[in-house]
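Trainee: Questions regarding the structure given below will be posed in turn.
The values are calculated or read from the model by the stated rules, or taken from the named source; none is laboratory data. These figures come from a predicted structure and were not determined experimentally. Note that each Cβ is placed from the backbone with ideal geometry, even for glycine, and that neighbours are counted across all protein chains shown.
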Amino acid sequence: MAGLAASIFLPFHSKEPEQQKTSTIMLAPQKTLWSTPLSAVDHLQRWIDIQNGDKICDVGCGDGRILFEWAKRLSQEDDDGDNSNDKSPPKTVTFIGIDIDPIRIQSCQIELERLRQENQIHPNVTIVFVCDNALTSVDLFQGSTAIFLYLIPRGLKLLYPILQQSKPIKVVSYMSKLPEETVTDRAVVLVEHQPGAEWPLYFYDMR
Ligand SMILES: C[S@@+](CC[C@H](N)C(=O)[O-])C[C@H]1O[C@@H](n2cnc3c(N)ncnc32)[C@H](O)[C@@H]1O
């Protein structure tokens, strides 16, 4: 984890700009940021019972909102998972956000700093953001307890073999299903700015 912490912000310098933009490495559109509604975290918390030492990763984290929301909620809980007055510290967990877009990762860093200054994130909760192509930085999320994804079906198809090699792992995908994997549970997420819209969230307990 020390190596990971040292690489908190790794600008994506190693490749030529044209190469960075090739569609073969894109797991989702980069130009416009499409984000998951925060209410999805209700289901993430229900499906993924976080334990001490867990590593949770958002592959293609965008502005990091899902990780921030989950980390803030976790920081309010004690280690029994409740938020009574008689508090013991929350579980020791690492959240990792990876995104190919350096501007998004930079904004994640700024928001993380703000939340830490406001004590909204407990010191037991580590959050790390890395700017890289997830397809070539597999070691960052292999070994994760759980992975959150909001990617296009083609991106999920590219990532699927890596997820299979990472079993046992819990995967939650917003909007699109993983190819060939049996869904363990499913929920719908309401979108505030789209009245009547309900978008799917798929949970996979891959063993
Ligand atoms: C639809 S957004 C989802 C953002 C966030 N996970 C959420 O749910 O709110 C997908 C993100 O994936 C990123 N992305 C696309 N291809 C990627 C790749 N090869 N490696 C890492 N991130 C990638 C994009 O830059 C974009 O920010």
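Trainee: Starting from region 193-207, take each residue that is within 18 Å of Gln165 (Cα to Cα) and at pLDDT 90 or above and list its partners that are part of a strand (DSSP E or B) and among the hydrophobic types (A, V, I, L, M, F, W, C), counting only C-beta distances under 7 angstrom and pairs at least six apart or across chains.
Mentor: Cβ pairs passing all conditions: Phe203/Val172; Tyr204/Val171; Met206/Ile169; Met206/Val171.
Trainee: Just checking, which of Leu178, Leu190 is closer than 17 Å to Leu44 by Cβ, modelled with pLDDT under 95 and out of contact with any Pro (no Cβ under 6 Å at 6 or more places or on another chain)?
Mentor: After applying the criteria, what remains is Leu190.
Trainee: Taking Val171 as the residue in question, decide whether it is in contact with a strand residue (DSSP E or B) (Cβ under 6 Å, 6 or more places away or on another chain), more than 11 Å from the ligand (Cβ to nearest atom), of a type in the set (A, V, I, L, M) and closer than 16 Å to Asp58 by Cβ. Please lay out each step first, then the result.
Mentor: Working: in contact with a strand residue (DSSP E or B) (Cβ under 6 Å, 6 or more places away or on another chain): yes; more than 11 Å from the ligand (Cβ to nearest atom): yes; of a type in the set (A, V, I, L, M): yes; closer than 16 Å to Asp58 by Cβ: yes.
So Val171 fits the description; yes.
Trainee: Of Lys170, Lys157, Lys177, which residue is under 14 Å from the mean Cα position of the chain (by Cα) and charged (D, E, K, R)?
Mentor: Of the residues listed, the single one that is under 14 Å from the mean Cα position of the chain (by Cα) and charged (D, E, K, R) is Lys170.
Trainee: Strands (runs of 3 or more DSSP E) wholly in region 50-163 with at least 1 residues that are without any contact (Cβ under 8 Å) to a residue 60 or more places away in the chain, closer than 30 Å to Pro179 by Cα and within 14 Å of the ligand (Cβ to nearest atom) - which ones?
Mentor: 93-99
Trainee: If only one of Val93, Val130, Val138 is at pLDDT below 95 and of a type in the set (Val, Ile, Thr), which one is it? Break it down into steps so the answer makes sense when it comes.
Mentor: Working: Val93 fails: at pLDDT below 95; Val130 fails: at pLDDT below 95.
From the options Val93, Val130, Val138, the qualifying one is Val138.
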